[in-house]
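See below for the structure under consideration.
Read the figures in this text as sums done on the coordinates, not as results from a lab. Predicted model, so just to flag it, every value in this text is computed and none were measured. Don't worry about glycine lacking a Cβ; one is built from the backbone with ideal geometry, like all the others, and counts go over all protein chains shown.
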Amino acid sequence: MYHLIEETTAFIKHRIGDFVPEFGIILGTGLGKLADEVAITHQLMYANIPNFPISTVEFHTGKLIFGLLNGRRVVAMQGRLHYYEGYSMQQITFPVRVLKALGIQKLFVSNASGSLNPTILKGDLAIIDDHINLLPDNPLRGANDSRFGPRFPDMSRPYDAQLIQEGLDIAKRQSITAHRAVYVSTPGPNLETRAEYRYMRLIGGDIVGMSTVPEVIVANHMALPVFAISVVTDEGFHEDLQPVSLAEIVEVASTAEPKMTLILKELVALQR
């Protein structure tokens, strides 16, 4: 994979010139409007980038955006990749390796999730401080390339403790409800059954989604600090569970998005 990353990185650098991003941002389902806050210098469609997988999910634009967010140089993925789209774990995480090769120092990840915890309600934000991986594959499976990281990377603190605390402090200062949460990652694309929601709550989960963990594993493999924040779009802890549609999930995510955007903007500005 190393030569593919070199090829892709060289292509992007040729297009963006001397712009070196400090931070990478992955925008999840219904959360693409953060890009509107970026003073854009360059943007590239995934489809036009060599070796780059193409996002196939509705509401995921599939675009790399380079520019300034609160005065800091960022590259934002407007549209992420998911296991349920049919991609391998290596393909899903390929963009994260490219962002690191482009120069990012920290990775900020957003997603939409369902609540497993009755204290976490639809429309709340959740800052992720740990996860449970229920995906059937791992992006590090296969031969390890030591140029990326070690064969057996430590995952005792997959999310950066300082970034978590700074995010929680910003939320408190802005009177935004933001919980500290354990994220459960599932393959999708179907939503969970009542029994599955109960199971995930019993094993220690607070929220559940279909993304994030592969990118976080790879970021840790490369010693890249991670901050992850989730917009809670539905509640899976009710025994009389009601059907939910993607349109409803996106609507709730879009409504809560300004709160997430505010936290990310302030958090990026705080970094040294």
Considering only the chain, percent of DSSP beta bridges that pair antiparallel, nearest 5
40 percent
Assuming 0.36 nm per residue, please report the length gained on full extension of the stretch Ala247 to Ile54 beyond their Cα-Cα distance.
67.3 nm
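Regarding region 188-272, what's the average projected area of the Cα-atom convex hull, expressed in nm²? Please list the in-between numbers first.
Numbers: hull surface 28.9 nm².
Averaged projected area of region 188-272's Cα convex hull equals 7.2 nm².
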Hey, what does the equivalent ellipsoid look like for region 65-139, semi-axes from the Cα gyration tensor as sqrt of 5 times each eigenvalue, largest first, whole Å?
25, 20, 11
Taking just the alpha-carbon atoms of region 92-186, what radius of gyration and Dmax come out, in angstrom?
15.7, 47
Roughly how tilted is helix 161-173, in degrees to the nearest 10 and between 0 and 90, from the longest Cα axis of the chain?
60 degrees
Give the distance, in whole Å, between the Cα centre of region 132-174 and the Cα centre of region 205-272.
15 Å
In region 2-270, taking the dipole from +1 charges on Lys and Arg beta carbons and -1 charges on Asp and Glu beta carbons about the Cα centre, the listed residue (Ser230, Thr119, Leu68) farthest towards the positive end is Leu68
Using the alpha-carbon atoms, what tilt in degrees (0 to 90, nearest 10) does helix 89-102 show relative to the longest principal axis of the chain?
50 degrees
Under 14 Å from the 7 Å Cα→Cβ point of Ala39, by amide nitrogen: which residues of region 99-114?
none
Rg [Å, one decimal], Dmax [Å, integer] - region 1-58, C-alpha atoms
12.8, 34
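Rounded to the nearest whole Å³, what is the per residue volume of the convex hull around the Cα atoms of the chain? Mind showing how you got there, number by number?
Details: hull volume 32.0 nm³, N = 272.
Taking the convex hull of the Cα positions in the chain, it is 118 Å³ per residue.
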Excluding near-sequence neighbours (fewer than 8 apart on one chain), the chain holds lysine pairs with C-alpha atoms under 20 Å apart numbering 15
Under a point spin-label approximation (7 Å from Cα along Cα-to-Cβ), what is the Met155-Ala195 distance to one decimal in nm?
2.6 nm
Dipole of region 161-272 [Lys/Arg +1, Asp/Glu -1 at C-beta], most positive-end residue of Gly188, Leu246, Val218:
Val218
Region 132-242 - Debye-derived log10 I(q)/I(0), Cα point model, q = 0.10, 0.13 Å⁻¹:
-0.37, -0.60
